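These notes concern the structure reproduced below.
The values are calculated or read from the model by the stated rules, or taken from the named source; none is laboratory data. The model shown is predicted, which means the values in this text are computed figures rather than measured ones. When we count neighbours, we look across all protein chains shown, and the Cβ atoms used for this are built from the backbone with ideal geometry, even at glycine.
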Amino acid sequence: MFRKTICGLLYCNAFQYFGMQALLGRYFMPSDAPDRQDPQPVAVLSYNFWRRHFNSDPSIAGKKIQLVHKDYTILGVLPPRFTVDGRRRVSPA
């Protein structure tokens, strides 16, 4: 089933910049995007997306999700206080 989803691209240290630990799994690492190579197809899910679409599956890290007809490996889940709204504003509040 196709669903409209807000996605974004981030630097590998974006979440560490906000001083946040992943709720599950891990965040991006430099090895996910080696210099002069295509980045690995990996994703980090928002807390609400994880709850709504994956029924809060605690073993979600390592599973696949399809975004724009491409498979991505799920690395982890953001904590609930980290939100991304429709204007792509990020709030670690």
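At-a-glance table
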{"item": "Cross-chain or 6+ apart pairs with Cβ under 7 Å, region 28-56 first and free of Cβ contacts under 8 Å to residues at least 40 places away in the same chain and under 12 Å from G76 (Cβ atoms), then small (G, A, S) and surrounded by 16 or more Cβ atoms within 10 Å (Cβ to Cβ)", "result": "V44/G76"}
{"item": "Among the candidates V84, V44, residue that is surrounded by 14 or more Cβ atoms within 10 Å (Cβ to Cβ), of a type in the set (V, I, T) and modelled with pLDDT under 85", "result": "V84"}
{"item": "Identity of the residue in region 11-29, of a type in the set (S, T, Y) and either outside any loop (DSSP other than H, G, I, E, B) or more than 11 Å from L45 (Cα to Cα) (or both), that ends up modelled with the lowest pLDDT", "result": "Y11"}
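Yes or no, residue by residue, for (1) modelled with pLDDT of 85 or more; (2) assigned to a loop (DSSP other than H, G, I, E, B); (3) of a type in the set (D, E, K, R); (4) out of contact with any helix residue (DSSP H, G or I) (no Cβ under 6 Å at 6 or more places or on another chain):
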site: C7; (1), (2), (3), (4): no, yes, no, yes
site: H53; (1), (2), (3), (4): yes, no, no, yes
site: I60; (1), (2), (3), (4): yes, yes, no, no
site: L75; (1), (2), (3), (4): yes, no, no, yes
